[in-house]
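Written below as structure tokens is the structure these notes are about.
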Amino acid sequence: DKFLEILPAASIDKRRELLEGVRTLHALQCAVLAANSVVEIADLLREAGTSERRRALLESLPPETQEALQEHLLAQRRTAAFDCRAVATGVSQEFVVSPASDDHD
């Protein structure tokens, strides 16, 4: 609605800029809706630019996809938090030392 109010009052250059923004958002929305996985959707949203654009793209997704994406992002944050703690404590996910055994040969 606001777009239709702003457009007639805008200069030709501003109209072109606004229309290019609409085209870009539409292309991103098509890419997000055609994505094969939540990982791909997350990557597209990260590349979307502004938080407003990300929100608009997110809101265009079905509720089930939004939930799956939220779960994926939370899992990534948990992994990142674990990695940060591992670096801080010197423990790697790939190399964990088991406690010494009480068996003596």
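Brief remarks on what is shown
- Once the chain from Leu18 to Ala75 is taken as fully extended at 0.36 nm per residue, the excess over their C-alpha distance is 16.9 nm.
- The charge dipole of the stretch 1-75, taken about its Cα centre with unit charges on the Cβ of Lys, Arg, Asp and Glu (plus for the first two, minus for the last two), comes to roughly 340 debye.
- For Glu59, the accessible surface of its heavy atoms amounts to roughly 130 Å² (probe 1.4 Å, protein chains only, rounded to the nearest 10).
- Rule-of-thumb Rg ratio for the stretch 1-52 [Cα; 2.2 N^0.38 Å; N residues]: 1.41
- Under Karplus coefficients 6.51, -1.76 and 1.60, residue-wise ³J(HN,Hα) of the stretch 37-42 in Hz, glycine/proline x: 7, 5, 4, 5, 4, 4
- A straight chain from Glu59 to Leu4 at 0.36 nm per residue would run longer than the Cα-Cα distance by 17.7 nm.
The values are calculated or read from the model by the stated rules, or taken from the named source; none is laboratory data. Predicted model, so just to flag it, every value in this text is computed and none were measured. Don't worry about glycine lacking a Cβ; one is built from the backbone with ideal geometry, like all the others, and counts go over all protein chains shown. Remember, those area values only see protein heavy atoms, side chains included, never the ligands or the DNA or RNA. Shrake-Rupley method; radii C 1.70, N 1.55, O 1.52, S 1.80 Å.
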